[in-house]
Amino acid sequence: QVQLVESGGGLVQPGGSLRLSCAASGSMFSIYGMGWYRQAPGKQRELVAVITRGGSTNYAASVKGRFTISRDNAKNTVYLQMNSLKPDDTAVYYCKADGVRKDYWGQGTQVTVSS
């Protein structure tokens, strides 16, 4: 089993920045990739950014150039640095771990971009 705990969400003005953290614990040997997803009210959950154990990354077109995903393997933590935030970025952000046998999700953290 793998447990994921997100932190770092909050209220920020347009143009501002936030950094989300996802601390993982448990059977990390089975995890080959981690990522961030988000779900806005009335919309489907969507991929934001993913990173492999080796450090390869992929981003949604809507966040490319503004968001940066990174990971600290020693701390089993994944980060999402979000800059130039827009109201459209408002959503619950979820951390996901891709496992060999199953995937794991965190509980989510709210990000609200509003003036």
Q. Over the chain, what relative contact order in percent results from Cα pairs under 8 Å that are six or more residues apart?
A. 37
Q.
I'm a student and want to see the number: the projected area of the Cα convex hull of the chain, averaged over all directions, in nm².
A. 6.7
Q | Mean separation of Cα contacts under 8 Å (6+ apart) over length of the range 23-64, as relative contact order % | A | 29
Q) With no solvent and one point per C-alpha, what does the Debye sum give as log10 I(q)/I(0) for the range 36-86 at q = 0.20, 0.27, 0.29, 0.32 Å⁻¹? A) -0.73, -1.10, -1.18, -1.28
Q. Taking Lys75 as the anchor, which lysines have their alpha carbon closer than 24 Å to its alpha carbon, excluding any fewer than eight residues away along the same chain?
A. Lys96, Lys102
**Q.** Extension reserve of the Lys64-Gln1 stretch, reckoned as 0.36 nm per residue once the Cα distance is removed
**A.** 19.5 nm
Q.
Treating only the Cβ of Lys, Arg, Asp and Glu as charged (+1, +1, -1, -1), what charge dipole size does the range 1-110 show about its Cα centre? Round to the nearest 20 debye.
A. 120
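Read-outs: derived from the displayed coordinates by stated rules, not from any lab. Every value quoted in this text rests on a predicted model; they were computed, and no experiment measured them. Please note: Cβ atoms are built from the backbone with ideal geometry, for glycine as well, and neighbour counts cover all protein chains shown.
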